[in-house]
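Structure first, then comments.
Any read-out appearing in this document is the output of simple, stated calculations on the displayed coordinates, not a laboratory observation. Note that the coordinates shown come from a computational prediction; the quantities given were computed from them, not determined experimentally. Quick reminder, even Gly has a Cβ in these numbers, built from the backbone with ideal geometry, and neighbours come from all protein chains shown.
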Amino acid sequence: MKYNIISVVAISLALLCSCDLLEKNPLGNLAVENYYTTEEEVNTAILGVYHVFMTENFGLYHYLHIGDNISDDSMLGNSRSDGLAWAGNAKALVQYNILFNNSYACNNTWNQDWQIITKSNYIIENAEKNNVPNKDLYIAEAKFLRSYVYFDMAAQLGGLPLVDHILSAEEYYNPRATMEETWEFVEKGLSEAAAGLPREWSAANKGRATRGSALAMLARAYVYHASYNKKTEIWQKAYDTMKEIIDGNYFALEPNYEDIFDFNNRNNKEICFSIQFWTTVSGWGDSNDGNMLSFYGRDAGVKLKDLDKSAGILDDLLGPGTYEWVYNTMKAEGKFVDGNGEPTAYPKKMTGWSLHCPTLDLYNAFEEGDPRRAATIIERGEVYDGFTHFNLSSPSGFQSKKEYCPMEYRTDESNEDNLGKNLIVLRYADILLYMAETCNELGKTDEALRYLEMVRGRARNCAASKNVLPVIKETNQSALRELIYKERRVELAMEYNRYYDLARTGRLYDTMKAYYEKYESDPSLPGYSGQDKGKLIQPYHIHMPISRQALEASVYDGVQTLEQNEGY
């Protein structure tokens, strides 16, 4: 991608524009405003906005921890995970012990999202004011990026202050809009973005937002909006938008499900929008971090202390015979052995933090013979990418396959980060299932079944036997709704959607309460994690809290202008 190499100018611009919504210093900066005078400068500024999406915190908090790890699809690793030692906020989050100073749920996402909004507003205002060439294109792209972030924030937090311009000093203390007003703001921005974005970019700019990206995000926004307010006219807008996407052939299903996530098939025809990454060797913590979720989701591997037979670590962990199994398997494979053929600890590039482990509950949600399970989950003892995966750091024995970065694309210098696996934000199968859900809500049962079958049929065609995943013929609206929800779970598993799907459809509290009670009542079940005890799930957890930092900064003349979400 063109924005794979961010110039010093872009990074400098990012720093200049990274003010908080509620920061109290004057925003009018002559040096910044004078920057947006040429097309090259505006284009560089846009790439600087994309760059924020590529930082560690952006994906870690909104997607991995909130999107999956606080749901019934995924859990944190066990005590062998090096990442778990410092992830106190994550452990509190997955127990729904969510405080408004939890950096995973609040501060980091809030700050980064407002950086993106502010940067986008600078581009929109200055490109227009300076009448730069192709200004309408860049304004549309900035509106997409701003609206995408607003969507993420609305799904996570509810109603928000609506900021569509560079703030004056008097506007720092804007209150939150209603949830309804926030969804309308998101929809307006995405509609305007779709009108100005190209159907496709040049090869050098592959991965930037397109008209199809904007329409797909708009459809998702309408579905979320309708899920909350239940109004037929919003469902109809969702239907009309998705009909335009489908009839316009903007995207298509990949014939082979597993190919969607192939490292060499990034930006394939099913991808509506994804965050772009590339492999670097620049180390952890700089401005070129790759997809950290690939590292967080990888198993911690076999450590030196595991290979001390007298210590009995592996047998204590998984029962008698575990050490012999690991030792003999490694010795037979000859992948990680010394000069005498004796097993050695995995090299660092093989290891991760095991903080995104599929649950047994998710494993069992797949129908028998569904090939999507094997494409989603690496099982304990599975030979994949040329070696056996022991998954010793996963309480369930499972690791995620979709975010896995193959060995050939890792280097010793990029062992802990800088991985080039793209983060898929939205894909066509998601749109088709939204369409099935929308049609069902509108009473268009035959259409709902047709779109549902498009997704199931693709999975069936990838199966070893064509006698799996029977065609669904249910016509009862309530029953069909549940079947569509189930299909969404298995089709999109481990793609950071589960919590948000449960929250928007009103199923979060009942689903998670039943999940925790099930595993607490029988802790011998495989996949049970002791960290699941003492869950505090409440109905108000459909939203995360507004950060303490933001609340404190919103006080004006002794009055707090931002309201906290219910329950926090």
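Quick one: which of Lys243/Lys401; Lys230/Lys513; Lys305/Lys518; Lys129/Lys206; Lys143/Lys444; Lys243/Lys269 span more than 26 angstrom between C-alpha atoms? Can you show the working numbers first?
Numbers: Lys243/Lys401 32 Å; Lys230/Lys513 24 Å; Lys305/Lys518 34 Å; Lys129/Lys206 28 Å; Lys143/Lys444 33 Å; Lys243/Lys269 18 Å.
Those over the limit are Lys243/Lys401; Lys305/Lys518; Lys129/Lys206; Lys143/Lys444.
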> Gain in length, Asn130 to Ala203, computed as 0.36 nm per residue apart minus the alpha-carbon separation, to one decimal in nm?
Replying inline: 23.5 nm
>> Rounded, prolate or oblate, given the Cα gyration tensor of region 219-258, with a/c below 1.5 counting as rounded?
In response: oblate
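So what is the relative contact order of the chain, in percent, for Cα pairs below 8 Å that sit 6 or more residues apart? Don't skip to the answer; put the middle values down first.
Working: 1024 pairs, mean separation 114.3, N = 568.
Rounded, it is 20 percent for the chain.
Can you work out the FRET efficiency for the pair Lys486 and Ala345, with r the C-beta to C-beta distance and R0 = 51 Å, to the nearest 0.05? If you can, show how the numbers build up before the last one.
On the way: r = 41 Å, r/R0 = 0.81.
Taking R0 as 51 Å, the efficiency between Lys486 and Ala345 is 0.80.
When you count, for each residue, the other Cβ atoms within 10 Å and take the mean per peptide, how do 62-72, 384-394 rank with the highest first?
Highest mean packing first, the order is 62-72, 384-394.
Which value, in debye to the nearest 20, gives the size of the charge dipole of region 484-523 about its Cα centre, when Lys and Arg are +1 and Asp and Glu are -1 at the Cβ? List each step's numbers first, then the result.
Details: 8 positive and 8 negative charges, 34 e Å.
So the magnitude is around 160 debye.
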>> Counting C-alpha atoms alone, how compact is region 377-523: give Rg to one decimal and Dmax as a whole number, in angstrom.
In response: 18.5, 56
>> Compute the orientation-averaged projected area for region 385-469 from the convex hull of its Cα atoms and round it to one decimal in nm².
In response: 8.9 nm²
>> If N is the number of residues in the chain, what value comes out of its Cα radius of gyration divided by 2.2 N^0.38 Å?
In response: 0.97
> So for the pair Glu258, Glu184, with labels modelled 7 Å out along Cα→Cβ, what separation do we get in nm?
Replying inline: 4.9 nm
> Under a straight-distance cross-link criterion of Cα-Cα below 15 Å, which aspartates and glutamates are reachable from Lys119, leaving out those fewer than 8 residues away in the same chain?
Replying inline: Asp20, Glu23, Glu33, Glu41, Glu128, Glu141, Asp164
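Run the helix sum for the chain: -39,500 (n - 2.57) per DSSP H stretch of 4+ residues, divided by residue count, reported at 222 nm to the nearest 500 deg cm²/dmol. Don't skip to the end; give the middle numbers.
Values: 21 runs with 246 residues, N = 568.
Helix contribution divided over all residues of the chain: -13500 deg cm²/dmol.
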> Let a ≥ b ≥ c be the square roots of the eigenvalues of the Cα gyration tensor of region 122-210; is it rounded (a/c under 1.5), or, if not, prolate (a/b larger than b/c) or oblate?
Replying inline: oblate
> Roughly what would the spin-label model give for Ala479 and His165, points 7 Å off Cα along C-beta, in nm?
Replying inline: 5.6 nm
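So if each residue of separation counts as 0.36 nm, and I subtract the Cα-Cα distance between Asn101 and Thr232, what length gain in nm does that give?
Details: separation 131, 0.36 × 131 = 47.16 nm, distance 3.79 nm.
Going from the current span to full extension adds 43.4 nm.
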>> Viscosity 0.692 mPa s, temperature 37 °C: what is the translational diffusion coefficient of region 160-225 from Stokes-Einstein with a Kirkwood Rh over Cα pairs, rounded to a whole number of µm²/s?
In response: 242 µm²/s
>> Can you give me the distance in nm between label points at Trp325 and Glu244, each placed 7 Å from the Cα along the Cα-to-Cβ direction?
In response: 5.4 nm
